[in-house]
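The values are calculated or read from the model by the stated rules, or taken from the named source; none is laboratory data. Treat the numbers as computed from the prediction; the structure is a model and nothing was measured. Note that we place each Cβ from the backbone using ideal geometry, even for glycine, and neighbour counts take in every protein chain shown.
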Amino acid sequence: MADLAQDFHGKRALVTGGASGIGAATAELIHRRGATVVIADVDASRGEALAARLGGRAVFAALDVTDEGAWLRLDEELGAEGGLQVLVHSAGIAYKASIEHTSLGDFRRILDVNLVGTFLALSAASRLVTAGGAVALLSSVRGVLATAELGAYGASKFGVRALGRVAALEFAERGIRVNSVCPGSIVTPIQAAPGFQDDDMDAYVNSIPLRRRGTPEEVAEAIAYLVGDQSGYVTGSEFVIDGGMAAGRTTPKVQR
């Protein structure tokens, strides 16, 4: 069997939202497996700390994914260094409120970061990712299943899946693969976003077939597969990692 530790040797990867959560876990994993990793985030302190902890082959780049100018500047820098073989777009934010109580500003902010940011990431990928490379986008199980009070977030994540499929078709002739990952409830800082504080997490976890929340490291393993050589015939797919939530529903039993 191939040595998985060598999967990314000689490859350069850009991970947006790489300072924390799933992005950080992914950056750490593929770095450990040999990649040179550019950790891009708006959180400079965390991003720089992670790059310093990983050491050689890891650098931090400040990036607001909604800023086209920032993407173009990063484009120029990375293009001059030979481009990328891997792009993982993990940057995103959440907001929970009913449609009635979601302002237009809040709705636009969620779409700007999660969906416009994805468009700009794919636009950059079209210029930077070399033939044979791969892109992974972070959607969500909420981009598969509609959820009350997550209208803005769900709309953005459904949109990520659509953009991912279109990009997979358009990039295929160059041998560049594009796939989306749809995590369920994962233990990350995003759960501290507005609107989640009143959720009954015990009841929520009990509704997950595997009866637990996932970890960023578990999602990172799936991302590593999708951007690694072992998935060379996989493109336009959506990998749901949700403990069984999207599979259906079970009927609660009376406790006797």
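Farther than 24 Å from Glu149 by Cβ, in contact with a helix residue (DSSP H, G or I) (Cβ under 6 Å, 6 or more places away or on another chain), buried (at least 16 other Cβ atoms within 10 Å of the Cβ) and not polar (S, T, N, Q) - does that describe any residue in segment 199-220?
Filtering segment 199-220 down to residues farther than 24 Å from Glu149 by Cβ leaves 215, 217-218, 220.
Narrowing the set further to residues that are in contact with a helix residue (DSSP H, G or I) (Cβ under 6 Å, 6 or more places away or on another chain) leaves 217, 220.
From what is left, the residues that are buried (at least 16 other Cβ atoms within 10 Å of the Cβ) are 220.
Pick out the ones that are also not polar (S, T, N, Q) and you get 220.
Within segment 199-220, one or more residues are farther than 24 Å from Glu149 by Cβ, in contact with a helix residue (DSSP H, G or I) (Cβ under 6 Å, 6 or more places away or on another chain), buried (at least 16 other Cβ atoms within 10 Å of the Cβ) and not polar (S, T, N, Q).
Filter segment 237-256 down to the residues that are aliphatic (A, V, I, L, M) and free of Cβ contacts under 8 Å to residues at least 12 places away in the same chain and list them by number. Outline the logic, then answer.
Step one: of segment 237-256, the residues aliphatic (A, V, I, L, M) are 240-241, 245-247, 254.
Scanning segment 237-256 gives a single hit, Val254.
I'd like the residue in segment 24-75 that is touching a strand residue (DSSP E or B) at 6+ places or on another chain (Cβ under 9 Å) and among the hydroxyl-bearing types (Ser, Thr, Tyr) and, out of all such residues, is nearest to Val88 (Cα to Cα).
Thr26
Got a sec? Which of Val144, Val181 is over 30 Å from Gly10 (Cβ atoms), among the hydrophobic types (A, V, I, L, M, F, W, C) and in contact with a helix residue (DSSP H, G or I) (Cβ under 7 Å, 6 or more places away or on another chain)? Spell out the reasoning first.
Values: Val181 fails: over 30 Å from Gly10 (Cβ atoms).
Exactly one residue qualifies, and that residue is Val144.
Take the residues in segment 232-251 that are among the hydroxyl-bearing types (Ser, Thr, Tyr) and in contact with a strand residue (DSSP E or B) (Cβ under 7 Å, 6 or more places away or on another chain), then tell me which one is nearest to Gly34 (Cα to Cα). Before the answer, list the steps.
Of all residues in segment 232-251, those among the hydroxyl-bearing types (Ser, Thr, Tyr) come to 233, 235, 237, 250-251.
Of the ones still in play, those that are also in contact with a strand residue (DSSP E or B) (Cβ under 7 Å, 6 or more places away or on another chain) are 235, 237.
Values: Thr235: 23, Ser237: 25 Å.
This residue is Thr235.
Restricting to segment 121-143, count the residues that are part of a helix (DSSP H, G or I), small (Gly, Ala, Ser), under 17 Å from Ala91 (Cβ atoms) and in contact with an Asp or Glu (Cβ under 9 Å, 6 or more places away or on another chain).
Taking segment 121-143 first, the residues part of a helix (DSSP H, G or I) are 121-128, 141-143.
Restricting the remaining residues to those that are small (Gly, Ala, Ser) gives 121, 123-126, 143.
Among the residues that remain, those that are also under 17 Å from Ala91 (Cβ atoms) are: 121, 123-125, 143.
Subsequent filtering for residues that are in contact with an Asp or Glu (Cβ under 9 Å, 6 or more places away or on another chain) retains 123-124, 143.
Final tally of qualifying residues: 3.
Can you find, within segment 9-40, the residue that is nearest to Arg57 (Cα to Cα) among those that are of a type in the set (A, V, I, L, M, F, W, C) and outside any strand (DSSP E or B)?
Taking segment 9-40 as the starting set, the residues that turn out to be of a type in the set (A, V, I, L, M, F, W, C) are 13-15, 19, 22, 24-25, 27, 29-30, 35, 37-40.
Right, trim to outside any strand (DSSP E or B) and you get 19, 22, 24-25, 27, 29-30, 35.
Numbers: Ala19: 16, Ile22: 19, Ala24: 15, Ala25: 16, Ala27: 11, Leu29: 13, Ile30: 11, Ala35: 7 Å.
Residue satisfying both the conditions and the ranking: Ala35.
Tell me whether segment 113-122 contains one or more residues that are over 22 Å from Gly244 (Cα atoms) and more than 15 Å from the chain's Cα centre (by Cα).
As a first pass, look at segment 113-122 and keep what is over 22 Å from Gly244 (Cα atoms): 113-122.
From what's left, more than 15 Å from the chain's Cα centre (by Cα): none.
So far as segment 113-122 goes, no, none of its residues is over 22 Å from Gly244 (Cα atoms) and more than 15 Å from the chain's Cα centre (by Cα).
Could we say that Leu104 is among the aliphatic types (A, V, I, L, M), over 14 Å from Gly17 (Cα atoms) and over 20 Å from the mean Cα position of the chain (by Cα) here? Quick ask: steps written out before the conclusion?
Working: among the aliphatic types (A, V, I, L, M): yes; over 14 Å from Gly17 (Cα atoms): yes; over 20 Å from the mean Cα position of the chain (by Cα): yes.
So Leu104 passes the test.
Only residues that are among the hydroxyl-bearing types (Ser, Thr, Tyr) and over 22 Å from Ser140 (Cβ atoms): list them for segment 218-256, please.
Filtering segment 218-256 for residues among the hydroxyl-bearing types (Ser, Thr, Tyr) gives 225, 231, 233, 235, 237, 250-251.
Answer for segment 218-256, where residues must be among the hydroxyl-bearing types (Ser, Thr, Tyr) and over 22 Å from Ser140 (Cβ atoms): Tyr233, Thr251.
What's the total number of residues in segment 29-66 that are small (Gly, Ala, Ser) and closer than 16 Å to Val86 by Cα?
From segment 29-66, those small (Gly, Ala, Ser) are 34-35, 40, 44-45, 47, 49, 51-52, 55-56, 58, 61-62; that's our starting set.
Subset that is closer than 16 Å to Val86 by Cα: 34-35, 40, 58, 61.
Qualifying residue count for the region: 5.
Go through Glu68, Glu100, Glu81 for me and flag whichever is at pLDDT below 95, surrounded by fewer than 18 Cβ atoms within 10 Å (Cβ to Cβ) and either of a type in the set (Asp, Glu) or under 19 Å from Asp41 (Cα atoms) (or both). Even if it seems obvious, please write down each step before you answer.
Working: Glu68 fails: at pLDDT below 95; Glu100 fails: at pLDDT below 95.
Only one candidate passes the filter, namely Glu81.
Any idea which residue in segment 222-236 is surrounded by the most Cβ atoms within 10 Å (Cβ to Cβ), counting only those that are within 26 Å of Ala146 (Cα to Cα) and touching a residue at least 60 places away in the same chain (Cβ under 8 Å)?
Per the criteria, the residue is Ile223.
Could you tell me whether Ala44 is over 23 Å from Gly228 (Cα atoms), among the small types (Gly, Ala, Ser) and surrounded by fewer than 17 Cβ atoms within 10 Å (Cβ to Cβ)? Spell out the reasoning first.
On the way: over 23 Å from Gly228 (Cα atoms): yes; among the small types (Gly, Ala, Ser): yes; surrounded by fewer than 17 Cβ atoms within 10 Å (Cβ to Cβ): yes.
For Ala44, the condition - over 23 Å from Gly228 (Cα atoms), among the small types (Gly, Ala, Ser) and surrounded by fewer than 17 Cβ atoms within 10 Å (Cβ to Cβ) - is met.
For segment 103-129, enumerate the residues that are among the polar types (S, T, N, Q) and surrounded by fewer than 16 Cβ atoms within 10 Å (Cβ to Cβ).
So in segment 103-129, the residues among the polar types (S, T, N, Q) come out as 103, 114, 118, 123, 126.
Across segment 103-129, the qualifying residues are Ser103, Ser123, Ser126.
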